[in-house]
Amino acid sequence: MKREKNKRRELSLDRRTFLKGAALGLAGTALPLDKADASFWETFFQKHFREMNDTEIKKVLQRLEKEAEQKYKKAIKIGNEKAMPGVLFGYGLDLSRCIGCRRCVYACVDENNQSKDPQIHWITVLRFKKGEKFSDLEESEKYYNPPQVPEKEYFYMPVQCQQCENPPCVRSCPTQATWKDPDGIVVIDYNWCIGCRYCMAACPYGARHFNWSEPGRKPEEINPNTHYLGNRPRYKGVVEKCTFCIQRTRNGRYPACVEACPVGARKFGNLLDPNSEMRYLIEHKRVFRLKEALNTNPKFYYFFAYGR
Amino acid sequence: MSDKKRHLLVMLASFFLLPFFFSLAEAAEQDIPKKFFVPPPPFTPGIFPCSQCHQGMPVNRKPRKLEQMHQDIVLKHMPDGWCFDCHNPDNRDKLRLANGKLVSFEESYYLCGQCHGTVFRDWKVGLHGKRTGMWNGEKQYLLCVHCHWPHEPVFKSIRPLPPPMKPSDIK
């Protein structure tokens, strides 16, 4: 009797068991067994970044550094500096000073290893006619190219990731590949991003950019000082964006765009430090944030230092 | 409480509070840090120290058009301006404030701050002008004259870097 029952169980394949087996079988065919080296399997079974402990992260960083070195034939350091306690980063941009020269755009590309072909810029400088409504970004011009800037009848507004306190991109991500770190920087794990681009649709500022193909950048142009959540080499099919130069600012340095601006329109500091220049400008100058009505609560403050 | 007692109390309180008021006054004085971390002033090579030529030269204080030296300097800063509004006739290696105090070229911000007070205030806290270095540590300031040529201080227009690629240009 017992034997008969067992036999029946062997024969009759219930739905759950069948699906399990099918999934395993499919996975087996999908994984190319010929390149099943250790690195491949480690990538495949990598845990979520925030669930890994320090030794696991260290192992991952070593693996990624090795892969990057093989790819670019040069040593690339991938760091994992944690957010400093008591720090909330804020950014200020003086619209009464910006001359629209785009020095920040290209300083950012050089620092953060963006793809040059196809082109990815994390900063977009918008040009508006003076006296026109500029809360409507659709009215702006981003391909302006006069022989000299500033032009008399225009003003300029650079837009990049606003590092929202209430980021819609983070909520829209189905895999939790993007999140807000304790110092307020919204970061992306490029190994966890599946490239669905929901976050790009959710972002009201157009700050997120997609790698439509393998990022094109010559090895000699690669900045070897990188951060896991920032400017490390990216892959085809992942989303990237401004991280306030996480690899610099978590070591106390100013972001690259701040140091590149020839008119000193860009300001950066700790919003929790009452003596920082950010706090001073918020308390003393005319300040606004982009699309405030959307309740995204950006930490990117546009201000007017000149003329009150 | 009698009047005498109250009097004594006020005296005692002021005795203890006096050092506090002094320290407040001191803090106000220290509001202007004595030195900012600035790179050297952008002199034309070989022009400094000024005394290498001006030493022993008779001083002509009369406003006039310069014909032998410094002809390239066309003063477009303020109407009826003249060299000795800022430069010191007796010791050329220094600048002179309106109150007669001499400042070095490394501290020329005090000179500019005499008229441009609001900008000077913003510059001191780090709002006007460019800062490099550490957001939580040592910052490098720039002097006013690094961006504004003092004889014609309007910021010069520059060529913008190329615009981003249009989607229609991507093959």
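Every read-out reported here was derived from the displayed coordinates using simple, explicitly stated rules and does not represent laboratory data. Fair warning: this is a prediction, and the values are worked out from it, not measured in the lab. Glycine also receives a Cβ, built like all others from the backbone with ideal geometry; neighbour counts cover every protein chain displayed.
Table for the structure above
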{"item": "Compactness relative to 2.2 N^0.38 Å, alpha carbon Rg of the protein assembly as shown", "result": "1.33"}
{"item": "Orphan Cys of chain A, criterion: no other Cys C-beta under 4.7 Å", "result": "A:Cys98, A:Cys101, A:Cys108, A:Cys164, A:Cys173, A:Cys193, A:Cys196, A:Cys203, A:Cys245, A:Cys261"}
{"item": "Residue-count net charge about A:Tyr143 - beta-carbon cut-off 12 Å; Lys, Arg +1, Asp, Glu -1", "result": "+2"}
{"item": "Sequence of B:Tyr141, A:Tyr302, A:Tyr91 once ranked by neighbouring C-beta atoms within 10 Å, starting from the fewest", "result": "B:Tyr141, A:Tyr302, A:Tyr91"}
{"item": "B:Thr118 versus A:Arg15: modelled label distance in nm, points set 7 Å from Cα along the beta carbon direction", "result": "7.4"}
{"item": "Given A:Lys152/A:Lys285; A:Lys180/A:Lys267; A:Lys285/B:Lys139; A:Lys180/A:Lys241, the pairs whose alpha carbons are separated by over 18 Å", "result": "A:Lys152/A:Lys285; A:Lys180/A:Lys267; A:Lys285/B:Lys139"}
{"item": "Which of A:Ile194, B:Ile47 has the fewest Cβ neighbours within 10 Å, and the rest in rising order", "result": "B:Ile47, A:Ile194"}
{"item": "Rounded to the nearest 20 debye, dipole of the stretch A:175-288 from Cβ charges on Lys, Arg, Asp, Glu", "result": "200"}
{"item": "Footprinting exposure proxy for A:Lys218, B:Lys124 (fewest neighbouring C-beta atoms within 10 Å first)", "result": "A:Lys218, B:Lys124"}
{"item": "Equivalent ellipsoid dimensions for the stretch A:81-308 as semi-axes, Å, which come from the Cα gyration tensor, largest first", "result": "26, 21, 18"}
{"item": "Calculated FRET value between A:Arg63 and A:Lys236, using beta carbons and R₀ = 22 Å, to 0.05", "result": "0.70"}
{"item": "Equivalent-ellipsoid semi-axes of the stretch A:209-286, from the Cα gyration tensor, Å, largest first", "result": "30, 13, 13"}
{"item": "Prolate/oblate/rounded label for the stretch A:191-254 (Cα gyration tensor, a/c 1.5)", "result": "oblate"}
{"item": "Three-way shape label, the stretch A:158-270, alpha-carbon gyration tensor, a/c 1.5", "result": "oblate"}
{"item": "Gain upon complete extension [B:Glu67, B:Lys156; 0.36 nm per residue less C-alpha separation]", "result": "29.4 nm"}
